[in-house]
1. HN-Hα J couplings of region 218-224 from phi, Karplus 6.51/-1.76/1.60, θ = phi - 60°, integer Hz, Gly and Pro as x?
2. Apply 1/(1 + (r/R0)^6) to the Cβ-Cβ distance of A117 and V57, taking R0 = 45 Å, and write down the FRET efficiency to the nearest 0.05.
3. Which shape class, rounded, prolate or oblate, goes with region 144-248 when its Cα gyration tensor gives a ≥ b ≥ c as root eigenvalues, a/c under 1.5 marks rounded, and past that a/b bigger than b/c marks prolate?
4. Using Stokes-Einstein with the Kirkwood hydrodynamic radius over Cα pairs, what translational diffusion coefficient do you get for region 80-296 at 10 °C and a viscosity of 1.306 mPa s, in µm²/s rounded to a whole number?
5. Taking the Cα centre of region 202-271 as the origin and placing charges on Cβ (Lys, Arg +1; Asp, Glu -1), which of L235, L247, I211 is farthest toward the positive end of the dipole?
6. At a Förster distance of 45 Å, what's the computed FRET efficiency of L157 paired with R43, Cβ-Cβ distance as r, to 0.05?
7. Which length gain, in nm to one decimal place, applies between N94 and A82 when the Cα-Cα distance is subtracted from 0.36 nm times their residue separation?
8. At a threshold of 8 angstrom on Cα-Cα distance, excluding pairs fewer than six apart, so keeping six or more, what relative contact order does region 80-296 reach in percent?
Amino acid sequence: MASTETTAAPKAPADTRAKGDLAGVEAGLDALDAVQVRRTSVREVLVRKVMPPVVAVLLVYVVWQGLYWAEVARVDKLPAPADVWASLNDMWVNGTLLDVVWTSVSRGVFGFALALAIGTPLGLLVARVRFVRAAIGPILSGLQSLPSVAWVAPAVLWLGLNNQMMYAVILLGAVPSIANGLVSGVDQIQPLHLRAGRTLGATGLRGTWFIVLPASLPGYVAGLKQGWAFSWRSLMAAEIIASSPELGLGLGQLLENGRSNSDIAGVFLAILLILIVGIAIDLLFFSPLERYVLRSRGLLVKN
């Protein structure tokens, strides 16, 4: 008589199944963490990075030229783009363009460096010491909201018409932004991160250098960007108000000279140069730094 019984397939041991499940979970996590890195084509760079600002500039030019042709304002109120270009060309031919730009840029960069050297330890002190935060924190916030132009008059009275006055105005405008940005970055550090650092022996200055500062970089970099913006704005306000031959010719003085001489093309040229320098500093330094910090933390996969 034939047997009708079937033999069941042997079951895998429990530990083998567990290892297989664990391997599957690990493979899934690796797939989530994996980032497809590929070389960006020249065409993609042109389309995503170059074309948008070029189109925006062309659009501004077309609107500007259209308003000039439509005569929405008198010639002494709204110059033609060609008139501004002629003023730029005259400065270039005379050899004064680069000198004017360098005068303001060198002041701004040096003043920002001073603000960085003062604002960074001040921000760490406010962030890490409760008494200092309670005493100085509200003052820093108030100074950040105070227009930098308000400091020009007392700075002139205190220091006179010189570069020290310019740097004082820059410091008063930029230091609160840098310090508050660092405070915000430190406040966003997870307490577990700090406890882990202390457990590994990173205390005191070592903990500040190896744990607090690296972990607070996103907020700190944001504060640096805002600090540069305040530095540049403060410098322009100081150059416009405290104009003097002894100070040399900067972009702010160029703008004020255009107003004094009723040279509307010169005024527009100064405004455009101030705008271009501010955008260039951001694109060449702060934006790459911000992308690097965010990408290193996995917050920016592709940009």
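Read-outs: derived from the displayed coordinates by stated rules, not from any lab. Quick caveat: nothing in here was measured; it's all calculated off a predicted structure. Please note: Cβ atoms are built from the backbone with ideal geometry, for glycine as well, and neighbour counts cover all protein chains shown.
1. Coupling constants for region 218-224: x, x, 5, 5, 4, x, 5 Hz.
2. Working from the Cβ atoms, E equals 0.80.
3. prolate
4. The estimated diffusion coefficient comes to 84 µm²/s.
5. Of the options given, the answer is I211.
6. Step by step, r from the Cβ atoms, then E = 0.20.
7. 2.5 nm
8. Across region 80-296, relative contact order equals 27 percent.
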